[in-house]
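Q: First the structure, then my questions, so here it is.
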Amino acid sequence: MGGGRLKAKRRWLIYAAVAVAVGVAIAMIAGRRHWPEARLAREIERRLGVPVAIGDVGLGEGMLAVRLGRLRVGPARSPLLAIDSVEISAASIGDVLAGRIDRIRASGVTWRPANAGEAVPTWTAAAGGSEAEAGSEGLPQVVVEQARLALDAVPGVTGHLTLSKLSLAPAGAGAMKLTADGHLSLAAPTGLDADLTVVAEVDLRRELVRSVDVGGRLALSGGGEASALRLRLGELRSGEADSLVGREGGGSAIVRAVDGTIVGLAWSLPEFVVAAGRATSPLLSLAASATMAPGAGMWASLQAVEGDASGLRVARLATRMAARAAAVPLDLEASASLAFSRPSSTLAMGIEALTLAVAADSSDRLRLRGRGAMQADLAAGTVSARIVGTLDDSPATLGVGYRASSSPPFSVVGELQRFDLGRIVALPYGRDGKAQRAAGADLLPNWPLSVDLRIALLESEGVIVEDARLRYRPDTQSRAE
């Protein structure tokens, strides 16, 4: 009987001890329910060198996946990186802490650039392991969904990049394949919105990007739009003295201007270097065709391009343009060098060779050949050019000017030793000139320019005019002086 009561007391003591232990455990868990988050945050903070906060830790979709909720990197009130949810797949928690990660999937990402003097995370130290261990097999797959990245860190740029999805997948030999779909919005240096798709290969060991292919469309704030946009780059890497080197670049686009004009563009850039705020390129080819008028088009080639914040310099500029002024088809070929000064807003051009051909009824063409110079003051709205050469093998001097404040704004002044007037008369009848004249096409339309031409000798069908002066001014009535 006494033994039974003793056993009952012992049972109650054991129950009480268990209850106390459970109560203590519950109290400890209640008081430290976030200890996994705190421990993991401290470990990541130690590696990054900036404050880290984790809202909660749980299991991901896979058996060996850990989900981190409300991850914040940087100051608590204004973090540098904020992620709503990130899922990390690895063999164990120890592998997560050591940086041996198989897959990272993040959603709801917001990034902002660091302010002046603000501590920046040491991302390279966060991965853990040595470079030898980080082979292509050790690189994790990274998937980011719904990310917003601020671009204010770039000087003179205000805007953001929104990524609907970004994926980085191992591609062998320490490389990663990058695919991204996003929207770019800029307020400065110019307002534009663009929808872009990017496919590229990133070599993390050699710190270079290969096989960049960008497609999409963009719209300017003024109303212009570029569709069928395509940018290609064979390689982009860091060079000596913190320079950026790119090669095998090119692209194409169809541009629709505000007035409805459609221009097709294509360009190639075999190599370029950006260093200390300066951009240089040994060769740049640009081709453009416009639908402003039937048969109008232009081709240009630029070589030895050099530019920085102060201006732009281009050597060996070659261009060809075909157009139709009223009933007269025109072809223009020129080669030149130009220099643009940003502080003074002036553009200077040395015209090395110029050929202007006007179609006539015969197989031969009326041609103006010469060389000269051009000076433009963009701030004052003035342009002046002077060309010395030949018109149909006759010595000629031609001066062209533009002044925005004058009426008319364009002016032409020239001197010509001799000229065959029959060549001018034949022009309107060239090709389909009769049909064009019947449709009301004039040889000299009411252009906003004035012409002052001195002719030493003019001869046509027995009529000889010496020391003549020809003037043209826009007017409702034709007149000669």
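The values are calculated or read from the model by the stated rules, or taken from the named source; none is laboratory data. Everything numeric here is computed off the predicted structure, so don't read it as measured data. Glycine gets a Cβ as well: all are built from the backbone with ideal geometry, and neighbour counts include every protein chain shown.
Q: Among all residue pairs at least 6 apart or on different chains, which show Cβ distances below 9 Å where the first residue, located in region 388-403, is in contact (Cβ under 8 Å) with a residue 12 or more places away in the chain and the second is aromatic (Phe, Trp, Tyr)?
A: Leu391/Phe419; Asp392/Phe419; Ser394/Phe419; Ala396/Phe419; Val400/Phe410; Gly401/Phe410; Tyr402/Phe410; Arg403/Phe410
Q: When Gly239 is evaluated against the numbered criteria (1) assigned by TED's automatic domain parsing to the domain that holds Ser268; (2) over 17 Å from the mean Cα position of the chain (by Cα); (3) of a type outside the set (Asp, Glu); (4) crowded, with 17+ Cβ neighbours inside 10 Å, which criterion, by number, is the only one it fails?
A: Among (1) assigned by TED's automatic domain parsing to the domain that holds Ser268; (2) over 17 Å from the mean Cα position of the chain (by Cα); (3) of a type outside the set (Asp, Glu); (4) crowded, with 17+ Cβ neighbours inside 10 Å, the lone unmet condition for Gly239 is (4).
Q: Count, please, the residues in region 159-202 that happen to be outside any strand (DSSP E or B) and not small (Gly, Ala, Ser).
A: Initial filter on region 159-202 (outside any strand (DSSP E or B)): 173-174, 189-191.
Subset that is not small (Gly, Ala, Ser): 189-190.
So the count comes out to 2.
Q: Would you confirm whether or not region 180-190 contains a residue that is surrounded by fewer than 17 Cβ atoms within 10 Å (Cβ to Cβ), at pLDDT 90 or above and charged (D, E, K, R)?
A: There is at least one residue in region 180-190 that is surrounded by fewer than 17 Cβ atoms within 10 Å (Cβ to Cβ), at pLDDT 90 or above and charged (D, E, K, R).
Q: Within region 56-68, take every residue that is surrounded by 15 or more Cβ atoms within 10 Å (Cβ to Cβ) and not aliphatic (A, V, I, L, M) and give me the one that is nearest to Ala38 (Cα to Cα). Please lay out each step first, then the result.
A: Within region 56-68, the subset surrounded by 15 or more Cβ atoms within 10 Å (Cβ to Cβ) is 57, 60, 64-68.
Okay, now just the ones that are also not aliphatic (A, V, I, L, M), so 60, 67.
On the way: Gly60: 19, Arg67: 14 Å.
Filtering first and then ranking leaves Arg67.
Q: Looking only at region 69-80, count every residue that is surrounded by fewer than 18 Cβ atoms within 10 Å (Cβ to Cβ) and touching a residue at least 12 places away in the same chain (Cβ under 8 Å) and tell me the total. I'd like the intermediate steps shown before the answer.
A: Applying the first criterion (surrounded by fewer than 18 Cβ atoms within 10 Å (Cβ to Cβ)) to region 69-80 yields 69-70, 75-78.
Next cut, touching a residue at least 12 places away in the same chain (Cβ under 8 Å) only: 69-70, 75-76, 78.
Qualifying residue count for the region: 5.
Q: Are any residues in region 389-401 surrounded by fewer than 17 Cβ atoms within 10 Å (Cβ to Cβ) and in a strand (DSSP E or B), and if so, which ones?
A: Scanning region 389-401 gives Thr390, Ser394, Pro395, Gly399.
Q: Against the condition in a strand (DSSP E or B), modelled with pLDDT under 90 and not acidic (Asp, Glu), how does Leu233 come out, does it pass? Give the steps one after another, and end with the answer.
A: Values: in a strand (DSSP E or B): yes; modelled with pLDDT under 90: no; not acidic (Asp, Glu): yes.
Against the criterion (in a strand (DSSP E or B), modelled with pLDDT under 90 and not acidic (Asp, Glu)), Leu233 does not qualify.
Q: I need a count of the residues in region 105-142 that are in a strand (DSSP E or B), of a type in the set (Val, Ile, Thr) and either modelled with pLDDT under 75 or within 25 Å of the chain's Cα centre (by Cα) (or both). If you could, list the steps in order and put the result at the bottom.
A: Step one: of region 105-142, the residues in a strand (DSSP E or B) are 105-111, 141-142.
Imposing the further condition that a residue be of a type in the set (Val, Ile, Thr) reduces the set to 109-110, 142.
In the following step, the residues that additionally are either modelled with pLDDT under 75 or within 25 Å of the chain's Cα centre (by Cα) (or both) were identified as 109-110.
Residues flagged as in a strand (DSSP E or B), of a type in the set (Val, Ile, Thr) and either modelled with pLDDT under 75 or within 25 Å of the chain's Cα centre (by Cα) (or both) within region 105-142 amount to 2.
Q: Restricting the first residue to region 301-321 and requiring it to be within 13 Å of Ala353 (Cβ to Cβ) and hydroxyl-bearing (Ser, Thr, Tyr), which pairs with a second residue that is modelled with pLDDT of 85 or more and assigned to a strand (DSSP E or B) meet a Cβ separation below 7 Å and a spacing of at least six or different chains?
A: Note: pairs meeting the criteria are Thr319/Ala334.
Q: Which one is farthest from Glu201 (Cα to Cα) among residues in region 144-169 that are surrounded by fewer than 17 Cβ atoms within 10 Å (Cβ to Cβ) and in contact with an Asp or Glu (Cβ under 9 Å, 6 or more places away or on another chain)?
A: Across region 144-169, the extreme among qualifying residues is Thr158.
Q: Out of all the residues in region 244-261, which are at pLDDT below 80 and either closer than 19 Å to Pro282 by Cβ or not hydroxyl-bearing (Ser, Thr, Tyr) (or both)? First the steps, then the outcome.
A: In the first step, residues of region 244-261 are kept if they are at pLDDT below 80; the result is 257-261.
Hits for region 244-261 are Ala257, Val258, Asp259, Gly260.
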